[in-house]
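> Please find one structure pasted underneath; my questions will follow.
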Amino acid sequence: MDSPVTLVTGTRTGIGRHLAERLLADGHRVVGCSRSRPDWDSPGYQHYELSVVDEPAVAAMFSDIRKRYRRLDHLINNAGIASMNHALLTSLGSARRVLETNVLGTFLFCREAAKVMKRGRFGRIVNLSTVAVPLKLEGEAVYVASKSAVEALTHVLAREFSGFGITVNCVGPVPIETDLIRGVPSEKIDQLVDRQAIGKLGSFEDVANVVEFFLRPQSAMVTGQVIYLGGV
């Protein structure tokens, strides 16, 4: 029962699934969520079907976590969506969905997680951004705006939560072979990779390496930081 309890959002596929499986292998008790049921399962894993912006459902999940585990050590805000279009071709509805999921969803989970974490005077929150922010990637105006907001939220919450023993940090992956980029033309991905110091696609392990650094108890003095992969 001394195993840490870690919540990962967006665990159905991609980075979220890999992080959940990696943390389970490392001995964590992992709680995950997504809008639909994943096609995988594992001992020590508890899944909730919900939208990250459904406040009543999210509150109920955190209430269940408190009852089931009596603690929450880590939160990884991985769930996110993108709108990869020129600004002139981006509908308001599409922009609203991206901003709600990426910004409000991240805020809601940070807020609710901190309420549980502060009871134990310990917590690690890791948010996900993207290298599209520092690269000011054209064709992703709303997505970049949403992740810029996530980074600003990270900086402010790091200060607000520090008195509770909670750190808040952020990792910005380079493109990885996930559902998020499969619809992007290959030439656009190539152009993005060419702007990195390390000119190749990233891997799930690259992201997990930074996330695990942020989660370590020894990283208590690291907060409010954004680490981009690839040397952008």
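Each reported figure results from applying straightforward, stated rules to the coordinates on display, with no laboratory input. Predicted model only: the values in this text are computed from it and were never measured. For neighbour counting, all protein chains shown are included, and Cβ atoms are generated from backbone atoms with ideal geometry for every residue, glycine included.
One line per residue, one yes/no per condition, for (1) of a type in the set (A, V, I, L, M); (2) assigned to a helix (DSSP H, G or I); (3) surrounded by fewer than 17 Cβ atoms within 10 Å (Cβ to Cβ); (4) touching a residue at least 40 places away in the same chain (Cβ under 8 Å):
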site: Ala79; (1), (2), (3), (4): yes, no, no, yes
site: Ser83; (1), (2), (3), (4): no, no, no, yes
site: Arg97; (1), (2), (3), (4): no, yes, yes, no
site: Asn102; (1), (2), (3), (4): no, yes, no, yes
site: Leu108; (1), (2), (3), (4): yes, yes, no, yes
site: Lys115; (1), (2), (3), (4): no, yes, yes, yes
site: Val126; (1), (2), (3), (4): yes, no, no, yes
site: Thr130; (1), (2), (3), (4): no, no, no, yes
site: Ser146; (1), (2), (3), (4): no, yes, no, yes
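> Just a yes or no: is a residue in the range 175-182 buried (at least 19 other Cβ atoms within 10 Å of the Cβ) and either touching a Ser or Thr at 6+ places or on another chain (Cβ under 8 Å) or part of a helix (DSSP H, G or I) (or both)?
no
> Condition (residue is in a loop (DSSP other than H, G, I, E, B), touching a residue at least 60 places away in the same chain (Cβ under 8 Å) and touching a strand residue (DSSP E or B) at 6+ places or on another chain (Cβ under 7 Å)) applied to the range 41-64: is it met by at least one residue?
no
> Which is under 13 Å from the mean Cα position of the chain (by Cα), farther than 20 Å from Val207 by Cβ and not acidic (Asp, Glu), of Leu92, Leu108, Leu99?
Residue meeting the stated conditions: Leu108.
> Go through the range 35-52 and count every residue that is buried (at least 18 other Cβ atoms within 10 Å of the Cβ) and in contact with an Asp or Glu (Cβ under 7 Å, 6 or more places away or on another chain).
0
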